[in-house]
Every structure is written in C-alpha cells, then in structure tokens.
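Here's the structure, in structure tokens; my notes come after.
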Amino acid sequence: MLLMKHGSLFLRSCLLVLFSVMLLLLPGIAAFADVNAPQQPASSVPAAAPVVVVPVHQSIENGLQKFLERALKEAEEASAMYIILDIDTLGGRVDAAEEIGEMIRSSKVPTLAYVHGKAVSAGSYIALNATKIAMEPGSSIGAAAVVDIAGNEIESVKVIAHWSSEMRAAAELRGRNPLIAEAMVDKNVGVSMPQLTRNVPKGQLVSLTAEEAIKVGYAEVIAKDVNDAIRFVGGADHPVLHIDPTPAEKFARFITQPWVSMLLLFIGIAGVLIELFVPGFGVPGIVGLIGFGLYFFGNYISGFAGVEDIALFVIGVVLLIIEIFVSSFGIIGILGIACLFSSVIMAANNTKQAALNLSIAVVLAIIVVAIIIKYFKHRGVWNRFILREKLTTDQGFTSSRIRTDLLGKSGLSVTPLRPAGTILVADERVDVVTTGEFIPVNKQVVVVQVEGSRIVVREAHELVQ
C-alpha cells in the first residue's frame, strides 16, 4: 500500500511538471503557429474595399509630391485593398522623389508600381519603393543617373554615393538585388546578371526591359494594362477608384517648375518696376502683379506657401512705394526689398532653388527696366520732383519788362552811376549800369546795350570821341 501510494504521488508530480512546461511553452507555440500561418487570401478583404489607381506621369517635382500625398491619404481613408501607381515618367527632381519614396514605404495600404511606359531615373526609385512591381510589355526601368538642369550627368562623388545608397536601400527593402539598383545610378559599378547570361560592364548604366526585370526579380508580373495589374493583386471583383489631379493641382504642378517660377518672378519684378519708374502705362503693373500672383498661387495650392508669405510680400511692395515718395535714407526701401525676397523664398519648397530663380529674375528684370527707362525717361517718376518747365519769352512768360526800345537813346544821370544808378530818359526814370566806370550826376549818357532787364549805358562824350 505504501508503495502504491508513493507511485501515485510520483505520477501526479510528473503530470504537474509536464503541465507546467506546456504552460510555459504555449505562448511560443502560439507565436510559431501565427508566424508560419498562411497569408490571408485576397478574398478575405472586404468586397467594398476599392483598388485605388493613382497616375505618376510626366516629370517628378514638388507638385506631384503634394498630389501623391493627398492621393495616398484618400486611399487610406477609403480602406483601399491596394494602391496601383500608374508610372510613366522620365524622372525629375531627386528631393521630390525621395519624399515620394518615403510616403510609399510608410503607406499602410500595399502598393503596386505598374510601369506602363518608362520608369527612368527618379521614376525607378519610386517603383522600387512599391510593395510589388508590374510592367507593361515593352516598358523599361532603370538608367537612374543624376543629371543637372541641362541634362548633363553630375560627376560629384557625394551626390552619386547618396543616390546610389537610396536606390540600394529601396531594392533591399523589397528583397531585390541591390547591386543592380546601384548599377542603375553609378556607371562605375558594373554588375553580373547570370539570369540574363550577360554582364553590364563599367561605364554603362543598367536599364531593364519588362522581360529582363522579371528574370532578375525586379518585377513580379507582366501586365498588358491596368486591368491586368488589378487582377494580379486580386482586385478583379473590387471597385476601382481613380484619383486624378484636380485642375488646380495640374496648374500648380506646371507653375512650380523651376523655369516657370523664374519666368513668373521676372515678369512680376519687371512689371512692377516699370510701373513705378515709368508710370502711365498701367499694363506692366497689372502684368507684374499677375506674375507674382501666379507664383504665390501655385506654391499655395501645392501646400508650400502660406497666408503669412503672401502678407509679407504685400508689406514689401507697400514699403517700396513709400520709399519712392518719402525720403528715409534708403531704410524703408531696404526693408521692403528684404520682405519681398523673404516672401518669395519662404513660399517655395526648395529655398536654394527659389533663391537662384529670384537672383536670375532680378538681373534680367534690371536689364529690361534699364532699357525701358532709357527710351521712356521723359515719363519717369523722377519728373514729378524736378521742375523742368522753362519760362521763356516764346511761351509768353516775362519776369520783367524788356526795354529794347531804349537802345541808342540818350538820358541824364540823376544819381551817381557806381556803376549802377538811375538816369532820366524822356521824363522816365530808368535803372541802369555802366560798363564799369563811374559817372557823376547830371552827365549825358547813351544806352548802348539791353540784355533782358539789364540796361547798359556809357557817357555821351566817350561815344563822340
């Protein structure tokens, strides 16, 4: 009995230990099961969840960045099952592409980059940040070298290294070969692609066709159109929501391009200066204000400029007008220029680019205004402060009586002429001067010269001699 009792106690103890171990292992088992559980099929997504299609066309710039920010936010609010980025671009601004890439990476809704034309340069970077990539037959991706405004490749080691690291990071994020992404940027890298049985030597940039991208793992599927791409993500039975730029956003994208911004600033500065210094036309002033208005409108719609920037600009214009009419030793004028420059630069997303655009616009405007002033200087504002009217005899103005009728006549000095004095000519007292000599009282004199109100006489006996 004692043996049986001890055996039963041992068995209970073993069961208790086993149960305790299972309790300790249960969270790990559950976690393991959860990690290795198959992904939910697309059919589990609510049928009302839309597939959102967003165009990424033309050049990549700040206006596109703001549009995509709005589009991704609307897609998230609509509880979209997928976002399809319809990409067809030759690239654009690197800074705008980096901001767009960050938005795509942080999107709570999975994304598919559908390359239906070209995803070149910054367009490649945007596509690589998407969750998946689909490509249209005949499309291409790659050739992401950094170029300047003129289209020349930038040789700066720092710039190339930075952009290469960004491309590598985007490729690694989605499990793609980072060397291929780096070779799209830096022609000094070179890369071996055994899947294509070819190597890209140093001195060349990598660019992949749709078929090549599939083979090297840079695209998941070839889709002949957007509908094919939608079916690939399992959205065939889901509503499709197209988010397109509004007319104001399209207009803002055009205006915020660097060359357009510079042109608007030039028109604004030149127009206002011409109206201030050569008033009377009216048209230059109106055109100038329209130029500035469009500049601030574009940046305001794009979300770069605020009401405070526009208010600062208005203050600057008012101060410049005050400086023209009120002497302040240039203090008000300097403050006005500072307000104008600050408002223009603060209203832009890229302050360095805005400062460059403003500098070029100011130089061009000064040249044009100088030419206008040269040909229309008679209408200049300075004419308001300078008395240019001549009171000539031909215009009927006389400050005193012109006594040309006395020329050659004789008279008698009634006061000493030293050399000025008074003579009597036919009972009329006349103020005269001599040529320098002194003539005493009661001497006969003759008028020898009349210059306006100046009457010159000489003693009569000197003329006789």
Checklist entry - Do we find a residue being open to solvent by 70 Å² or more (accessible area, probe 1.4 Å), over 15 Å from residue 459 (Cβ atoms) and not polar (S, T, N, Q) anywhere in the stretch 408-425? => result no
Next on the checklist: Let me confirm something: among 189, 240, which residue is out of contact with any Phe, Trp or Tyr (no Cβ under 6 Å at 6 or more places or on another chain), more than 26 Å from residue 73 (Cα to Cα) and not acidic (Asp, Glu)?
Outcome noted: 189
Next on the checklist: Which of the numbered conditions does residue 148 fail, given that it passes all the others? Conditions: (1) at pLDDT below 90; (2) within 29 Å of the chain's Cα centre (by Cα); (3) surrounded by 14 or more Cβ atoms within 10 Å (Cβ to Cβ).
Outcome noted: (3)
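Just to check your reading of the model, which residue among 106, 124, 59 is surrounded by 18 or more Cβ atoms within 10 Å (Cβ to Cβ) and hydroxyl-bearing (Ser, Thr, Tyr)?
Answer to the selection: 124.
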Checklist entry - Exactly one of (1) within 24 Å of residue 401 (Cα to Cα); (2) surrounded by fewer than 14 Cβ atoms within 10 Å (Cβ to Cβ); (3) out of contact with any Ser or Thr (no Cβ under 8 Å at 6 or more places or on another chain) is unmet by residue 429. Its number? => result (3)
Checklist entry - Just wondering, is there one or more residues in the stretch 223-232 that are under 30 Å from residue 172 (Cβ atoms) and without any contact (Cβ under 8 Å) to a residue 60 or more places away in the chain? => result yes
Item to check | All positions within the stretch 292-307 that are assigned to a helix (DSSP H, G or I) and either open to solvent by less than 60 Å² (accessible area, probe 1.4 Å) or at pLDDT 85 or above (or both) | outcome: 292, 293, 294, 295, 296, 298, 299
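Taking the stretch 201-220, which residues are over 34 Å from the mean Cα position of the chain (by Cα) and either aromatic (Phe, Trp, Tyr) or within 19 Å of residue 139 (Cβ to Cβ) (or both)? Walk me through how you get there before you give the answer.
Filtering the stretch 201-220 down to residues over 34 Å from the mean Cα position of the chain (by Cα) leaves 201-203, 209-220.
Within the stretch 201-220, 209, 210, 211, 212, 213, 214, 215, 216, 217, 218, 219, 220 qualify.
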Next on the checklist: I need the full set of residues from the stretch 166-215 which are in contact (Cβ under 8 Å) with a residue 40 or more places away in the chain, farther than 28 Å from residue 95 by Cβ and of a type in the set (Ser, Thr, Tyr), in order please.
Outcome noted: 209
Checklist entry - Which one of these does residue 153 not meet: (1) closer than 22 Å to residue 59 by Cβ; (2) open to solvent by less than 50 Å² (accessible area, probe 1.4 Å); (3) out of contact with any Phe, Trp or Tyr (no Cβ under 9 Å at 6 or more places or on another chain)? => result (2)
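In the stretch 216-283, which helices (runs of 4 or more DSSP H) lie fully inside it and hold 1 or more residues that are open to solvent by 50 Å² or more (accessible area, probe 1.4 Å), at pLDDT below 85 and not hydroxyl-bearing (Ser, Thr, Tyr)? Can you show your working first?
Working: elements: 226-232, 247-255, 258-277.
Hits in the stretch 216-283: 247-255, 258-277.
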Item to check | Matching entry among 64, 90 (being open to solvent by less than 60 Å² (accessible area, probe 1.4 Å), under 46 Å from the mean Cα position of the chain (by Cα), under 30 Å from residue 145 (Cβ atoms) and modelled with pLDDT of 75 or more) | outcome: 64
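The values are calculated or read from the model by the stated rules, or taken from the named source; none is laboratory data. These numbers come from a predicted model, not from an experiment. All Cβ positions, glycine included, derive from the backbone under ideal geometry; neighbour counts span all protein chains shown. The area values use the complete protein model at the heavy-atom level, side chains included, leaving out ligands, DNA and RNA. Shrake-Rupley method; radii C 1.70, N 1.55, O 1.52, S 1.80 Å.
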